[in-house]
Amino acid sequence: MDFIPFDDRDGYIWMDGEFRAWRDAKVHVLTHGLHYASCVFEGERSYGGRIFRSLDHSKRLENSARILDFDLPFTVAEIEAAKAEALEKAGLESAYVRAVAWRGAEKMGLSAQDNTIHLAIAAWEWGDYFDNKMAGIKLTNAQWKRPSPETAPHDAKAAGLYMICTMSKHAAERAGYADALMLDYRGQIAEATGANIFFVRDGVLHTPTPDCFLNGLTRQTVISLAKQRQIEVVERAIMPEELATFSECFITGSAAEVTPVNEIAGQAFRPGEITETLMGDYDDAARGRIDLPE
Ligand code: PMP
């Protein structure tokens, strides 16, 4: 095995208000969150001991839970403190931080009005989301489409929404690609399986309007950084037929950061000046070297 399984590691996981030994941070098999996807989470990165946009992540977690009709048993301030403690206890400065909240096991069935809500926070060392990220990644087309906002609550970072992402990502990997480009229910370009997408044409950034997929925090950061550089940003519906008109492409996410894309299903892109500038600016912003505009 060339990896360490996530349930068999040393260390501690913050769970429901206290630290448990990593291997003992368990849930019962009849947990509502496991069967019915009543589960929301965050993926965050800490740089030099500070979680980038930590408060925004905690607020999004609380909002995702509300969308799924449950209230977290901890305030945003308590979550912030718990994340900081989890990082400190792990002795990590640069880390990936996973907060996850789910309905417990009191009732097994669709209705789970009074089930306990649980919250856990784990931090671990994690390098780049993609192998050989700086060289750029290749995407293929996903066979699944992002559902309409009437079909699924796209503003929630909810576990259930990731079913089609894992299926699409697995198919892409089997075909030799790093990830998949997902269209939406209208056939418009939406995002990658766990990251938002941007394109460049004639010095202008184009990115799909996030009306049926997560408006990622990294996406919002990159838009602000681009505007600070006087780069025009156009949020609009983008059709797959337009791919050939773009010169650069990259994807954004807390895990993926800014990752250049050099191919989408046979269409080549060359990571250029704008991608490189925004990769650098994002790194500077994440490490607190440049301030984010309000
Ligand atoms: N879309 C999906 C499906 C994601 O999983 C993520 C990662 N959370 C993103 C977009 C980007 O979101 P963020 O920049 O807030 O991490």
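Laboratory data are not the source of any read-out in this text; all were calculated from the coordinates shown. Remember, it's a predicted structure, so these values are computed and weren't measured experimentally. Backbone-built Cβ (ideal geometry, glycine too); neighbour counts: all protein chains shown.
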Taking Cα atoms only, helix 76-90 is inclined relative to the longest principal axis of the chain by an angle, in degrees rounded to 10, of 90 degrees
With +1 on the Cβ of every Lys and Arg and -1 on the Cβ of every Asp and Glu, and nothing else charged, how large is the dipole of region 12-124 about its Cα centre, in debye rounded to the nearest 20? 340 debye
Given the Cα-Cα distance of GLU241 and ARG201 and 0.36 nm per residue of separation, how much length would full extension add, in nm? 13.0 nm
May I ask for the distance between the Cα centers of region 1-63 and region 66-132, given as a whole number of Å? 4 Å
Please say if region 60-180 is rounded, prolate or oblate, where rounded means a/c under 1.5 for a ≥ b ≥ c the square roots of the C-alpha gyration tensor eigenvalues, and otherwise the choice is prolate for a/b larger than b/c and oblate otherwise? oblate
Sorted by Cβ neighbour density within 10 Å, fewest at the top, the residues LEU34, LEU217, LEU110: LEU110, LEU34, LEU217
Can you run phi through the Karplus equation (6.51, -1.76, 1.60; θ = phi - 60°) for region 243-256 and list ³J(HN,Hα) in whole Hz, with x for Gly and Pro? 3, 5, 8, 9, 9, 10, 8, 8, 10, 9, x, 4, 7, 6
Using only Cα atoms and rounding to the nearest 10 degrees, what angle (0 to 90) does helix 217-228 make with the longest principal axis of the chain? 40 degrees
Full extension from ASP16 to GLU78: what is 0.36 nm times the residue separation minus their Cα-Cα distance, to one decimal in nm? 21.2 nm
Magnitude of the Cβ-charge dipole (Lys and Arg +1, Asp and Glu -1) of the chain about the Cα centre, nearest 20 debye, reported as 400 debye
Listed residues ASP131, ASP283, ASP71; largest mean-square fluctuation, Gaussian network over the chain with Cα springs below 10 Å, found at ASP131
How high is the FRET efficiency between VAL29 and ASN63 when r is their beta carbon distance and R₀ equals 30 Å, given to the nearest 0.05? 0.55
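Mean residue ellipticity at 222 nm from the helices of the chain, using -39,500 (n - 2.57) per DSSP H segment of n ≥ 4 over the full residue count, to the nearest 500 deg cm²/dmol?
-7500 deg cm²/dmol
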Evaluate the charge dipole of region 151-210 about its Cα centre and quote only its size in Debye, nearest 20, assuming +1 on the Cβ of each Lys and Arg and -1 on the Cβ of each Asp and Glu. 100 debye
Honestly region 1-104 on the Cα gyration tensor test (a ≥ b ≥ c root eigenvalues; a/c under 1.5 rounded, otherwise a/b vs b/c for prolate or oblate) is just oblate
Spherically averaged projected area of the chain from its Cα convex hull (nm²): 15.4 nm²
Quick numbers on region 186-294, Rg and Dmax over C-alpha atoms in Å, give 12.9, 40
Once both labels are modelled 7 Å past Cα along the beta-carbon direction, what's the ARG186-ILE4 spacing in nm? 4.6 nm
In a Gaussian network model over the chain where Cα atoms closer than 10 Å are linked, find which of ALA77, ALA65, ALA156 has the largest mean-square fluctuation. ALA77
Estimated FRET transfer efficiency when R0 is 22 angstrom, pair TYR162-GLN267 (beta carbons, to 0.05): 0.25
1/(1 + (r/R0)^6) with r = Cβ-Cβ of PHE41 and ARG229, R0 = 41 Å, i.e. FRET efficiency to nearest 0.05, evaluates to 0.80
A student applying the Cα gyration tensor rule (rounded when a/c is under 1.5; otherwise prolate if a/b is larger than b/c, oblate if not) would label region 119-227 rounded
Compute the helix-to-body angle for 163-174: its Cα long axis versus the longest principal axis of the chain, expressed 0 to 90° and rounded to tens. 60 degrees
